[in-house]
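Student: Quick one: the structure is below, questions incoming.
The values are calculated or read from the model by the stated rules, or taken from the named source; none is laboratory data. This structure is a prediction, so every number in the text was calculated from the model and none was measured. Ideal geometry is used to build each Cβ from the backbone, glycine not excepted, and the neighbour counts take in all protein chains shown. Remember, those area values only see protein heavy atoms, side chains included, never the ligands or the DNA or RNA. Shrake-Rupley method; radii C 1.70, N 1.55, O 1.52, S 1.80 Å.
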Amino acid sequence: MPEYRTHEHDVLVIGGGGAGLRAAIAAAETAPALSVAVVSKVYPMRSHTVAAEGGAAAVIKPSDSLDDHAYDTISGGDWLCDQDAVEAFVREAPQEMLRLEYWGCPWSREPDGSVAVRSFGGMKTERTWFAADKTGFHMLHTLFQTSLKYQTITRYDEWFVTALLVDDGRCVGAVAIELATGQVQAVLARAVILTTGGCGKVFPFTTNASIKTGDGMALAYRAGVPLKDMEFVQYHPTGLPFTGILITEATRSEGGWLLNKDGYRYLQDYDLGTPEPHPVLRSMELGPRDRLSQAFVKEAALGRTIATKHGDVVHLDIRHLGAKVIETKLPFVRELCLKYEHLDPVKELIPVRPVVHYLMGGVHTDIRGATPMEGLFAAGETACVSINGANRLGSNSLTEILVFGARAGTAAAEYAAASRPASRSSVIAQVADEARRLRERFLDKSGGRERLATLRTEMQQAMEEGAGIYRDEAGLVAAAETIQVVKDRFPDVRLDDRSLTFNTELVTCLELANMLDVAETIIHSARAREESRGAHERTDYPARDDDRFLAHSLAWYSPNGPPRIEYLPVTITRWPPAERVYGG
């Protein structure tokens with residue numbers, strides 16, 4: 001591996017998706033004299049934000065209110081949301097969405113020219129902005145194109161970050177591999193922002209792209225920053241079998257039905273948290289994602305699902321919407337079904353099943369995106385600022401990357417402008433150590449008996465079986481044991497590719513190391529939380545327990561064993577905990 005090189009900037013953003021680009025723009029606007037670097041392991045327009053379909057929530061209509069948006073979010077999160085963060089989120093959401101409009105995002109329109117909104121699960125009113133069903137695609141395009149006008153932003157595309165640089169308890173940069181050359185690169189900075197997205201690939205069946213391997217979470221975790229609320233893993237109720245590709249919640253917002261093998265709209269038989277014992281037929285499919293996914297498991301146990309070679313499914317029916325509505329509002333859904341399932345949803349039923357979609361937890365941050373480590377910030381799915389609590393409502397996440405991407409970028413720029421430079425000698429020694437580790441442990445290592453694919457499959461199966469939609473102590477213990485065994489075997493992994501140019505096997509190996517660290521935080525946080533709340537459903541502790549667990553879990557890294565789990569109080573401002581219910 002060649003000698004390392006160093007680059008110096010004021011603010012370093014790790015991750016080039018929606019949150020990262022919004023943070024970079026905010027940093028450049030806050031302090032125009034600062035140099036901002038964006039490091040991404042893929043070209044920014046290949047970031048997973050591009051795959052988001054349904055929309056982004058923000059109050060815009062006279063019939064809606066900020067308090068209603070806040071309450072829907074807090075109750076949907078089963079009262080684990082920090083309410084000061086939620087209030088800031090709903091207040092700034094409309095401003096961010098209008099800003100994106102000014103930058104060129106083509107929001108869909110009503111006939112009178114006003115912004116169109118649609119319903120989304122768990123929300124009492126229509127407040128989800130959308131651009132057909134390619135909302136993330138258009139948002140990411142808009143952010144990327146806007147970022148190009150700032151000459152102070154420098155991009156380092158297709159660089160994979162392997163470690164954070166820490167000097168005297170302060171984050172001062174990162175070490176990365178330039179994938180095109182294999183060269184180790186050090187990016188020194190006065191402030192660092194993590195925006196690398198989620199970690200869905202820890203599980204075998206997910207809507208997430210292959211790049212979502214928990215990189216930023218693992219970087220912060222190993223550097224001594226706790227991961228918060230990692231036990232809360234959201235399953236989306238409508239993923240395509242085999243591929244896991246998402247069929248957006250917008251299909252149900254427009255009036256789609258979920259049917260079991262008998263053609264029966266089975267959700268009317270389940271408690272979805274609505275005040276009525278039987279929700280109105282039009283809205284039952286817009287119950288919260290955790291409740292809908294749990295209902296699928298119960299239907300499967302009763303033998304009412306459809307068996308396929310890729311597991312049990314139910315049917316999503318949008319035929320009654322008609323070709324015009326589907327072509328106008330759900331064109332991407334039709335495209336996905338034609339391409340990956342070889343069926344036309346205008347005429348045929350869509351097979352769907354629950355699939356891992358989003359992690360409510362992440363790097364512990366405050367309301368401005370600052371972590372407990374000086375100089376380190378985080379935003380987006382990588383972070384946990386605690387607006388999503390135990391269950392994220394659909395369409396809040398795209399708005400979150402704007403609001404808290406902007407907040408983190410602003411805070412990081414202000415911090416960088418006032419901070420001192422790092423001790424170069426201390427940092428360079430860390431860079432040299434990391435370059436040596438990468439070379440000796442992976443590229444120059446001979447022998448090794450373990451295969452990456454085998455270890456990854458064992459990890460994913462353990463997570464699905466032990467930390468899936470339903471959990472219990474025995475399953476979590478078994479999963480923890482398997483993850484530890486896989487971690488113990490990982491140093492004996494064998495790499496066949498020793499080249500430097502685009503060594504994807506090396507990247508896959510480093511991603512697996514990140515996923516194993518993230519996986520152990522999910523399992524041990526779930527074991528410690530002896531209650532059921534939101535997406536964390538314990539069959540051995542079926543009740544919500546506010547006396548013991550109205551608190552955020554914090555998982556701290558331990559180099560010689562499982563993480564240490566501690567708890568942090570939830571911030572309650574105006575809405576005391578209550579029964580979790582939704583309007584019709």
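Student: I'd like to verify a number: residues in the range 314-335 that are β-branched (V, I, T), surrounded by 16 or more Cβ atoms within 10 Å (Cβ to Cβ) and in a helix (DSSP H, G or I), how many?
Tutor: Selection size over the range 314-335: 2.
Student: State all residues of the range 175-185 that are in contact with a Phe, Trp or Tyr (Cβ under 6 Å, 6 or more places away or on another chain) and either part of a loop (DSSP other than H, G, I, E, B) or of a type in the set (A, V, I, L, M, F, W, C) (or both); if no residue qualifies, say none.
Tutor: A176, I177, L179, V184
Student: If I go through the range 86-118 residue by residue, how many of them are within 24 Å of V50 (Cβ to Cβ), outside any strand (DSSP E or B) and not acidic (D, E)?
Tutor: 16
Student: Could you identify the single residue in D488, D540, D492 that is over 24 Å from W79 (Cβ atoms), among the charged types (D, E, K, R) and open to solvent by 50 Å² or more (accessible area, probe 1.4 Å)?
Tutor: Going through D488, D540, D492 in turn, just one is over 24 Å from W79 (Cβ atoms), among the charged types (D, E, K, R) and open to solvent by 50 Å² or more (accessible area, probe 1.4 Å): D488.
Student: Identify, please: which residue in the range 543-560 is in a loop (DSSP other than H, G, I, E, B) and hydrophobic (A, V, I, L, M, F, W, C) and is, among those, surrounded by the fewest Cβ atoms within 10 Å (Cβ to Cβ)?
Tutor: The extreme case among them is A543.
Student: Exactly one of (1) more than 30 Å from D64 (Cα to Cα); (2) assigned to a helix (DSSP H, G or I); (3) touching a Ser or Thr at 6+ places or on another chain (Cβ under 7 Å) is unmet by F144. Its number?
Tutor: For F144, the failing item is (3).
Student: Going by the structure shown, is T125 open to solvent by less than 20 Å² (accessible area, probe 1.4 Å) and either touching a His at 6+ places or on another chain (Cβ under 7 Å) or closer than 19 Å to T399 by Cβ (or both)?
Tutor: no
Student: Still on this structure, please answer the following. If you scan the range 215-230, which residues turn out to be touching a Gly at 6+ places or on another chain (Cβ under 7 Å) and not in a strand (DSSP E or B)?
Tutor: Residues satisfying the conditions are G216, M217, D229, M230.
Student: Quick one: would you say D488 is of a type outside the set (A, V, I, L, M, F, W, C) and either assigned to a helix (DSSP H, G or I) or within 21 Å of the chain's Cα centre (by Cα) (or both)?
Tutor: yes
Student: Test R451 against the stated conditions and say whether it is buried (at least 24 other Cβ atoms within 10 Å of the Cβ), over 19 Å from A220 (Cα atoms) and within 29 Å of the chain's Cα centre (by Cα).
Tutor: No; evaluated as a whole, the condition is false for this residue.
Student: Look through E537, E530, E505, E511 and report the one residue that is in contact with an Asp or Glu (Cβ under 9 Å, 6 or more places away or on another chain) and in a loop (DSSP other than H, G, I, E, B).
Tutor: Sole residue among the options that is in contact with an Asp or Glu (Cβ under 9 Å, 6 or more places away or on another chain) and in a loop (DSSP other than H, G, I, E, B): E530.
Student: Moving to a separate point now. Here are some conditions: (1) open to solvent by less than 50 Å² (accessible area, probe 1.4 Å); (2) modelled with pLDDT under 95. D344 meets all but one. Which one does it not meet?
Tutor: Result: D344 fails condition (2) only.
Student: Condition first: open to solvent by less than 10 Å² (accessible area, probe 1.4 Å) and in contact with a strand residue (DSSP E or B) (Cβ under 9 Å, 6 or more places away or on another chain). Now tell me which residues in the range 79-104 satisfy that.
Tutor: W79, L80, V90, A93, M97, L100
Student: Further, regarding this structure: Tally up the residues in the range 443-458 that are assigned to a helix (DSSP H, G or I), over 11 Å from F490 (Cα atoms) and of a type outside the set (S, T, Y), please.
Tutor: The number of residues fulfilling the criteria is 3.
Student: Of all residues in the range 158-179, how many are small (G, A, S), within 14 Å of V39 (Cα to Cα) and surrounded by fewer than 23 Cβ atoms within 10 Å (Cβ to Cβ)?
Tutor: 1
Student: I'd like the full set of residues that are open to solvent by 40 Å² or more (accessible area, probe 1.4 Å), farther than 29 Å from R498 by Cα and of a type in the set (S, T, N, Q), limited to the range 1-59.
Tutor: Correct list: T30 only.
Student: Between a residue in the range 131-143 that is closer than 20 Å to E335 by Cα and open to solvent by less than 10 Å² (accessible area, probe 1.4 Å) and any residue that is of a type in the set (D, E, K, R) and not in a loop (DSSP other than H, G, I, E, B), which pairs come within a Cβ distance under 9 Å, given they are 6 or more apart or on different chains?
Tutor: D133/K329
Student: Give all pairs with beta carbons closer than 8 Å in which a residue from the range 306-334 that is of a type in the set (K, R) meets a residue that is open to solvent by 70 Å² or more (accessible area, probe 1.4 Å); count only pairs at least 6 apart in sequence or on separate chains.
Tutor: Note: pairs meeting the criteria are R319/K347; R319/E348; R334/E327.
Student: Further, regarding this structure: Within the range 378-421, restricting attention to residues that are open to solvent by 40 Å² or more (accessible area, probe 1.4 Å) and in a loop (DSSP other than H, G, I, E, B), which residue is nearest to V38 (Cα to Cα)?
Tutor: Ranking the candidates gives P421 first.
Student: Any residue that is among the small types (G, A, S) and either within 24 Å of G447 (Cβ to Cβ) or without any contact (Cβ under 8 Å) to a residue 12 or more places away in the chain (or both) - is there at least one of those in the range 549-562?
Tutor: yes
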